[in-house]
Amino acid sequence: MSHFMHDVMGATVDEPDPETRARVLDGLAEADDEHPDVSLSHESGWYLSAFRDGLLVWENTEDGSAPPGELREVAREEILRLFGLLARGDIASVERLPWRR
């Protein structure tokens, strides 16, 4: 399964391993109004965007019928766990969370 990340400045990181995902997430310390998030995208069209304040957005860019969802105050370790699930293509496990739509 193919996946990639965008770091806080928008650079693409292909197939990041867990250590790279953690490093990209830590880049949120440099986030600003113009570059507020990092994201992990899966080839299925699903992606997770993480923001410095713990906001996590779950959305499918290829399926307009799936409304985006939000979780607030998500801890760093949970974000990394969810990035890992999405990287493996475990969409169902991520989708089961209590997303506010």
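Note on region 71-86: residues that are farther than 16 Å from Glu59 by Cβ and in a helix (DSSP H, G or I) total 6.
Counting just the residues of region 6-25 that are exposed (fewer than 14 other Cβ atoms within 10 Å of the Cβ) and under 13 Å from Glu77 (Cα atoms), which one comes out nearest to the chain's Cα centre (by Cα)? My answer is Pro18. Looking at (1) in contact (Cβ under 8 Å) with a residue 12 or more places away in the chain; (2) part of a loop (DSSP other than H, G, I, E, B); (3) on the phi < 0 side of the Ramachandran plot; (4) not β-branched (Val, Ile, Thr), which is the one condition that is false for Gly64? Single failed check for Gly64: (1).
For region 51-81, a residue qualifies if it is surrounded by 11 or more Cβ atoms within 10 Å (Cβ to Cβ), among the small types (Gly, Ala, Ser) and either out of contact with any Phe, Trp or Tyr (no Cβ under 8 Å at 6 or more places or on another chain) or more than 17 Å from Pro98 (Cα to Cα) (or both), and the qualifying residues are Gly54, Ala66. Total residues in region 60-81 satisfying the condition of being out of contact with any strand residue (DSSP E or B) (no Cβ under 6 Å at 6 or more places or on another chain) and at pLDDT 95 or above: the figure is 8.
Across region 1-42, which residue is farthest from Asp53 (Cα to Cα) among those that are in contact with a Phe, Trp or Tyr (Cβ under 9 Å, 6 or more places away or on another chain) and assigned to a loop (DSSP other than H, G, I, E, B)? Filtering first and then ranking leaves Glu15.
The values are calculated or read from the model by the stated rules, or taken from the named source; none is laboratory data. Everything numeric here is computed off the predicted structure, so don't read it as measured data. For neighbour counting, all protein chains shown are included, and Cβ atoms are generated from backbone atoms with ideal geometry for every residue, glycine included.
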